[in-house]
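Taking it in order: structure first as structure tokens, then the write-up.
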Amino acid sequence: MASAPEELEKDLEEVKELLKKATRKRTHDVLMAEKYKLEMEIKNQTPPKLKEDTTEEEKPPAGGYTVKINSYGWDQSDKFVKIYITLNGVQQLPAENVQVHFTDRSFDLLVKNLNGKNYSITFNNLLKPISVEGSSRKIKTDMILVLCRKKREEKWDCLTQVEKESKEKEKASYDTSDPGEGLMNLLKKMYAEGDDEMKRTINKAWVESREKQGKGDMPLDI
């Protein structure tokens, strides 16, 4: 019988396949959320192994090994972008154990010695510049709130430049004024990225469609 991590890996692969076929934004967003959830479950079940023999320079910082934080939420006001990071018991740490370093387009958070572990997260290439002096962090019950002061009071469509480029790429792939062209692009994308079974399925559907219409192009041959 397959172990729980193996089952999660299989679920993740299936979600990835469904993502390739998703054409509706809501469906795509739901699948992305499920993909992220599965990745977190797999990560939590397979903690990183520590080297038994480490030199003085290789030893992890005080508090044990460092865990990369992957889960967060964010919101914004006219003046601030707010990032919410949940860490159980963080309010019990000395304030100096929660460190945030800001630049005009990035910040990194390091939480030291929380339940025997360190936690970190880095945001590079923020969508717009922030004020280093005006940015700060607040420690709340089981949560850290990072406040990035906007240099200009304007709405951010997303948190980072990478997110923006990803959204634009997705939009370009799925949005088109010609529905027929959009379907054609999707089929070509699925064909190019699919396995042999996927290619056979698409070609079969293409041939059957031609036979019904009595005309059309040749099957996909990408």
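Evaluate the following for Leu110: is it closer than 29 Å to Asn44 by Cβ and in contact with a Ser or Thr (Cβ under 6 Å, 6 or more places away or on another chain)? Yes; evaluated as a whole, the condition is true for this residue. Looking at region 71-87, is at least one residue open to solvent by less than 50 Å² (accessible area, probe 1.4 Å), out of contact with any Gly (no Cβ under 9 Å at 6 or more places or on another chain) and under 24 Å from Ile42 (Cα atoms)? Within region 71-87 (the criterion being open to solvent by less than 50 Å² (accessible area, probe 1.4 Å), out of contact with any Gly (no Cβ under 9 Å at 6 or more places or on another chain) and under 24 Å from Ile42 (Cα atoms)), the answer is yes, since at least one residue qualifies. Scanning region 112-127 for residues that are within 21 Å of the chain's Cα centre (by Cα) and not hydroxyl-bearing (Ser, Thr, Tyr) gives Ile121, Phe123, Asn124, Asn125, Leu126, Leu127.
Just for region 163-213: of the residues that are among the acidic types (Asp, Glu) and within 25 Å of the chain's Cα centre (by Cα), which one is modelled with the lowest pLDDT? Steps first, please.
First, pick out the residues of region 163-213 that are among the acidic types (Asp, Glu): 163, 165, 168, 170, 175, 178, 181, 193, 195-197, 208, 211.
Those left that are additionally within 25 Å of the chain's Cα centre (by Cα): 163, 165, 168, 170, 175, 193, 195.
On the way: Glu163: 88, Glu165: 88, Glu168: 82, Glu170: 74, Asp175: 56, Glu193: 74, Asp195: 78.
Ranking the candidates gives Asp175 first.
Take region 98-130 and flag every residue that is open to solvent by 30 Å² or more (accessible area, probe 1.4 Å), of a type outside the set (Lys, Arg) and more than 17 Å from Trp74 (Cα to Cα). Outline the logic, then answer.
Initial filter on region 98-130 (open to solvent by 30 Å² or more (accessible area, probe 1.4 Å)): 99-101, 103-105, 108, 110, 112-113, 115-117, 119-120, 122, 124-125, 128-129.
Subsequent filtering for residues that are of a type outside the set (Lys, Arg) retains 99-101, 103-104, 108, 110, 113, 115-116, 119-120, 122, 124-125, 129.
Within region 98-130, Gln99, His101, Thr103, Asp104, Leu110, Asn113, Asn115, Gly116, Tyr119 meet the criteria.
The number of residues in region 109-132 being under 28 Å from Glu165 (Cα atoms) and part of a strand (DSSP E or B) comes to 11.
The values are calculated or read from the model by the stated rules, or taken from the named source; none is laboratory data. The model shown is predicted, which means the values in this text are computed figures rather than measured ones. Methodologically, a virtual Cβ is constructed for each residue, glycine included, from the backbone with ideal geometry; neighbour enumeration extends over all protein chains shown. Only protein heavy atoms, including side chains, enter the accessible area calculation; ligands, DNA and RNA are left aside. Shrake-Rupley method; radii C 1.70, N 1.55, O 1.52, S 1.80 Å.
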